[in-house]
1. Considering only DSSP states other than H, G, I, E and B, which trypsin sites (Lys or Arg not before Pro) in region 189-225 qualify as loop sites with at most 10 other Cβ atoms within 10 Å?
2. Taking neighbour Cβ counts within 10 Å as the exposure measure, how do Asp112, Asp84, Asp102 sort from fewest upward?
3. Among all the aspartates and glutamates, which ones have a C-alpha under 12 Å from Lys146's C-alpha, if same-chain residues fewer than 8 places away are not counted?
4. Obtain the nm distance between the two label points defined at Leu177 and Asp69 by a simple spin-label model: each point lies 7 Å from its Cα along the Cα-to-C-beta direction.
5. Apply 1/(1 + (r/R0)^6) to the Cβ-Cβ distance of Arg194 and Lys101, taking R0 = 25 Å, and write down the FRET efficiency to the nearest 0.05.
6. What FRET efficiency do you get for Lys232 and Arg61 if R0 is 30 Å and r is their Cβ-Cβ distance, rounded to the nearest 0.05?
7. Distance in nm between label sites at Ala83 and Tyr135, each 7 Å beyond Cα in the beta-carbon direction?
8. What FRET efficiency comes out for Glu114 versus Lys201 if R0 is 25 angstrom and r is the Cβ-Cβ distance? Round to the nearest 0.05.
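No lab work stands behind these numbers, since they all come straight from the coordinates. None of these values were measured; they are calculated from a predicted model. FYI the Cβ positions are ideal-geometry reconstructions off the backbone, even for glycines, and counts take in every protein chain you see.
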Amino acid sequence: MAKALVLIGLFLIFFASRAQLPSDLPPNSAPFNFSGMQVATFDHRYDGVKGYHTLLKDFVRGVVEMKKDQRYENVLINYDAVADNLIAKSDKMEGAVLVRKDLVLRFVLKTDEEEYVFEKKTVKGMPAFLLKLTYEREIFYCRITKSIKKVDLGGPYNTSQGFSDEFKEELTYFYELVDGSLQEITASKKGIIRAFPQLEKELNQYFKNNKMDFNSSQQAQLLFMFISESLK
């Protein structure tokens, strides 16, 4: 069974130029002071767990927007869906570095197929990074959370091999109200209709014509784009 303990080590880095900073982000963007040449790296904290704790399997180039109108493009980043953190990496570093959440406003992960836009919002009084699903008029978000599902060994005398813990993904959807607050939406057909009763006829027809899997953010995005368009 894999250990899910966080193994945090201090990795000594000597900077010869600014390009050696993780993804060229500012020196104060990590929780450890780069001026002290120490940074926390923890790529091996989930060794042995099936799957990966990040949104994407690999780090990709993207954009990070921070406080004081700071914008950094073509940086190597990923989203830690277990800890709800932006993490950065440099081509010259082995480990990923946590980026301070209090400094980040928005970031975009870019692949050849699509872009993932995350915005920092307040959920139940706490800051959280949410995936933005729609961009016009009515705004919908998705919170992507991963946790570790412990393996079921089948009793103390089970000698079967090949079992391992694995990451389980959970999606939670939100609707942005006029005052900027977020309303959580129950991820079911009935829950959607309850949230938008004025569209009951249109939504019933949509569900009749389209397969709906709320465990797929792509399918949910199509649904919320339809709702946003119908509410005009």
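1. Passing sites in region 189-225 are Lys211.
2. Lowest to highest Cβ neighbour count: Asp112, Asp102, Asp84.
3. In chain and number order, the partners are Asp80, Asp84, Glu166, Glu169, Glu170.
4. 3.3 nm
5. Computed FRET efficiency for Arg194 and Lys101 comes out at 0.15.
6. Efficiency for this residue pair is about 0.30.
7. About 3.1 nm, to one decimal.
8. Here the calculated transfer efficiency is 0.20.
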